[in-house]
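Taking it in order: structure first as structure tokens, then the write-up.
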Amino acid sequence: MLAIWHNPRCSKSRETLALLQARGLEPAVVEYLKTPPSAAEIDAVLTMLGIGPRELMRRGEAEYASVSADASRDALIAAMVAMPKLIERPVVIHDGKAAIGRPPEAVLAIL
């Protein structure tokens with residue numbers, strides 16, 4: 001399975017999707033702002049990425065200020081579920097692996 005957590009308003013997300021499509025790949029497009037991933041899905045992606053929750057969070061978003069500095073892993077994941085705007089984008093998931101498309105070419109490593 002190939003999927004992308006996508007925000008069509010984000011240039012990096014659009015570039016990553018176009019990069020996949022240019023290679024003949026048609027990922028399942030999940031507009032995560034409309035259909036937020038569950039806590040279990042975020043946890044699984046963090047494991048695939050090998051990073052902690054804060055590393056998947058967009059720290060420049062106003063919502064980030066509401067996240068406690070000493071929040072637990074579960075609390076950080078819950079914050080991303082409640083405020084999906086905090087999730088870094090795009091995330092590409094393929095066969096048990098994940099990559100953040102920053103830069104877009106970074107996703108090629110998991111294909």
Across the range 40-59, what is the number of residues that are out of contact with any Pro (no Cβ under 9 Å at 6 or more places or on another chain) and either at pLDDT below 95 or not small (Gly, Ala, Ser) (or both)? 12
Hey, any hits in the range 17-38 for a residue that's within 16 Å of residue 106 (Cβ to Cβ), among the basic types (Lys, Arg) and out of contact with any Ser or Thr (no Cβ under 8 Å at 6 or more places or on another chain)? yes
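The values are calculated or read from the model by the stated rules, or taken from the named source; none is laboratory data. Predicted, not measured: the structure shown is a model, and the values here were computed from it. A quick note on method: Cβ atoms are made from the backbone with ideal geometry, for glycine too, and the neighbour counts reach across all protein chains shown.
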